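Each remark here refers to the structure printed beneath this line.
The values are calculated or read from the model by the stated rules, or taken from the named source; none is laboratory data. Predicted, not measured: the structure shown is a model, and the values here were computed from it. Note that each Cβ is placed from the backbone with ideal geometry, even for glycine, and that neighbours are counted across all protein chains shown. Areas reflect the complete protein model, heavy atoms only, side chains present, ligands, DNA and RNA absent. Shrake-Rupley method; radii C 1.70, N 1.55, O 1.52, S 1.80 Å.
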Amino acid sequence: MSTTDERGASRAHRPDDSLARLRREGRIVIVGASLAGLRGAETLREEGFAGSLTIIGDEPDRPYDRPPLSKQVLVGGAAADRTTLPRRRAIRAHWRLRTAATGLDLTARRVRLDDGDEVPYDRLLITTGARSRPWPQPAEAELDGVFVLRTNRDAERLGRRLMAGPRRVLVIGAGFTGSEIASACRELGLPVTVVERGPTPLVGALGGVVGQVAAELQREHGVDLRCSVMVTALEGDAAGRLRRAHLSDGTALDVDLAVVALGAVRNTEWLDGSGLGAGPRGVACDAGCRAFDVRGLVTDDVFVAGDVARSPHPLFGYQFLSLDHWGNAVAQAEVAAHNMISPGPDRRPHLWVPAFWSSQFGVNIKSIGVPSMGEEILIAQGSLAEHSFAGVYGCQGRVVAAVTFDQTKWLDFYQQQIETAAPFPPPFRSVDRRPDGLHPVPAEFPDPSLPSHGPTVTLCGYSPTERRIVFTPARA
Amino acid sequence: MRLVVDLNRCQGYAQCVFLAPDVFSLNGEEALRYTPYVDDARREQVAAAMAACPVQAILMDDVVDDMMDDPLPAAFDVHH
């Protein structure tokens, strides 16, 4: 029996020893072989992880870039199978592609695969992302001519059919993907109808004020845009080919190609019953990317990053944000990988300010912050009518987001405003302020999700390692 | 080579468009379009574009990095 001193000493040494062993010869498994998985793997090697690295993915290809698939790939500017992501460094990984994870044993620390194999791990990074939400009627979804767009295979099939010259394309859903597909169709000279349940395109992401500009863009480019309408049924001919769509306004539309763009579903089914806090909205994790179990306890060996993660953000009332943004996949994977192989005091929170871009109808749309949290919007530069502007979103007296149409140069400034919880409406005069930008107007989100009252938080420091959270009193 | 541009960083300075016009183009006023896979003949052009990018948003690699990966298991090739 050892003395108290010896026990204390061995206990004190154990974490360091085991961490050193993990970094030297541990087994890290990454489930999900896309952008977040790849950047996570690179960060692990960058920070000195020398053990074994296994990357599991159900798609056949090495990680590839998805944003081009709804843009240059559809108009023939790039091949669908040629968007493989460049590497930042060699990762010496063992790839298990065309292999889906089907289960997780948290106690035995093993991932089950669909080929019957099991892969043991010391640390697990979950980056399984999301998939297209399928058309809800399976028989209709099976019709020849009905597509979704998420993978490079999807883009290849859809691109081929667009090139074949369909009579009319139907895009179901006018979010970013649907709008970009409609834009590509017009660039190809194809007749296209967009059916959107909400009052305008992009209304969920950017609100109705900006959505109205998106609607104008679509119509000016010849899109037959129908808002506040739903597709109720897709009808096929005797050979199983799509021929008609039925709409909720009682009309029907003859189409031979339909793209279902109804958003994404998180890939968490493989975690059912694992005891991890995973569900349709993603895998919940703390700001350091550690997954929660179903009891709400944080795990210390399972990490999450990218589209599938849902984590609290101090800038936005500690609400859990799930962001299917390219930049988030990169930034969160870097933090997760760093924390996986770092001792507690050296770990970092994921404090990335959400940012995304879209290009459609020749306009560059970019956003920073969380627009959907905005109650009001102020057009601080340019004008809605010219389709060239910077809009600032405010919530409870502070700046929470900004969006630009062909005015990207202003975004860095607004990022600082968001990070410092600057007051809204901005008290200063801005360059190129027009009469319609003198007062904020309701941002017109269909279902505004208001943050809870609480302290506002600002970020300071420049280097990611220097960032610290500073609390400031609530503005009310 | 494989190419990706961080379009969150990109601010449309369009230096790359002047230096590698076969690879980069502007769609409208400031939306950047690029070819994600370029052949060796364009290497110098793209390297110049990377160096000139004021926000350093362009990443390019050589596929040789993949050779450092563990070989895929034999079963992978046999069954697929």
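Descriptive notes on the structure:
- Any chance A:Ala238 is open to solvent by less than 20 Å² (accessible area, probe 1.4 Å) and either in the same structural domain as A:Gly145 (by TED's automatic domain parsing) or in contact (Cβ under 8 Å) with a residue 12 or more places away in the chain (or both): no
- Some residue of segment A:94-101 being in contact with a Phe, Trp or Tyr (Cβ under 7 Å, 6 or more places away or on another chain), assigned to a loop (DSSP other than H, G, I, E, B) and at positive phi: no
- Residue within segment A:158-175 that is part of a loop (DSSP other than H, G, I, E, B) and within 14 Å of another protein chain (Cβ to nearest Cβ) present: no
- Taken over segment A:365-392, the residue count meeting the criterion of being open to solvent by less than 30 Å² (accessible area, probe 1.4 Å) and within 20 Å of the chain's Cα centre (by Cα) is 9.
- Candidates in segment B:1-21 are the residues that are more than 8 Å from every other protein chain (Cβ to nearest Cβ) and closer than 19 Å to A:Asp65 by Cβ; of these, the one that is surrounded by the fewest Cβ atoms within 10 Å (Cβ to Cβ) is B:Arg9.
- All positions within segment A:360-384 that are in a strand (DSSP E or B) and out of contact with any strand residue (DSSP E or B) (no Cβ under 8 Å at 6 or more places or on another chain): A:Gln360
- In the condition set (1) of a type outside the set (S, T, N, Q); (2) surrounded by fewer than 22 Cβ atoms within 10 Å (Cβ to Cβ); (3) over 15 Å from the mean Cα position of the chain (by Cα), A:Cys289 is compliant with all but (2).
- Residues in segment A:55-87 that are open to solvent by less than 20 Å² (accessible area, probe 1.4 Å) and either of a type outside the set (A, V, I, L, M, F, W, C) or at the interface with chain B (Cβ under 8 Å from one of its Cβ atoms) (or both): A:Gly57, A:Pro63, A:Tyr64, A:Asp65, A:Pro68, A:Ser70, A:Gln72, A:Ala78, A:Thr83, A:Leu85, A:Pro86, A:Arg87.
- Condition check for A:Ala90: over 24 Å from the mean Cα position of the chain (by Cα) and within 12 Å of chain B (Cβ to nearest Cβ): yes
- Single residue of A:Ser388, A:Ser372, A:Ser359 found to be modelled with pLDDT under 95 and either closer than 25 Å to A:Arg219 by Cα or acidic (Asp, Glu) (or both): A:Ser372
- Which listed residue is among the hydrophobic types (A, V, I, L, M, F, W, C), open to solvent by less than 10 Å² (accessible area, probe 1.4 Å) and either in contact (Cβ under 8 Å) with a residue 24 or more places away in the chain or out of contact with any helix residue (DSSP H, G or I) (no Cβ under 7 Å at 6 or more places or on another chain) (or both), from A:Val255, A:Val229, A:Val265: A:Val255
- Top-ranked residue of segment A:104-122 - restricted to ones that are out of contact with any Leu (no Cβ under 8 Å at 6 or more places or on another chain) and open to solvent by less than 30 Å² (accessible area, probe 1.4 Å), ranked as nearest to the other protein chains (Cβ to nearest Cβ): A:Leu113
- Residues that are under 17 Å from A:Lys71 (Cβ atoms), of a type in the set (A, V, I, L, M, F, W, C) and facing another protein chain (nearest Cβ under 9 Å) within segment B:27-59 comprise B:Ala31, B:Leu32, listed in sequence order.
- Of A:Phe356, A:Phe413, A:Phe445, all but one fail to be within 14 Å of chain B (Cβ to nearest Cβ) and either surrounded by 19 or more Cβ atoms within 10 Å (Cβ to Cβ) or under 30 Å from A:Arg290 (Cβ atoms) (or both); the exception is A:Phe356.
- Condition check for A:Arg150: open to solvent by 10 Å² or more (accessible area, probe 1.4 Å), in the same structural domain as A:Ala333 (by TED's automatic domain parsing) and either of a type outside the set (A, V, I, L, M) or outside any loop (DSSP other than H, G, I, E, B) (or both): no
- Residues that are within 13 Å of A:Asn364 (Cα to Cα) and open to solvent by less than 80 Å² (accessible area, probe 1.4 Å), drawn from segment B:26-46: B:Leu26, B:Asn27, B:Gly28, B:Glu30, B:Ala31, B:Leu32, B:Arg33
- Meets criteria (among the hydrophobic types (A, V, I, L, M, F, W, C), outside any loop (DSSP other than H, G, I, E, B) and within 21 Å of B:Asn8 (Cα to Cα)) for A:Trp357: yes
- Residues of segment A:313-341 that are polar (S, T, N, Q) and either open to solvent by 10 Å² or more (accessible area, probe 1.4 Å) or over 24 Å from A:Thr54 (Cα atoms) (or both): A:Gln319, A:Ser322.
- Tally, over segment A:34-54, of residues that are open to solvent by less than 20 Å² (accessible area, probe 1.4 Å), within 13 Å of chain B (Cβ to nearest Cβ) and closer than 14 Å to A:Arg87 by Cα: 6
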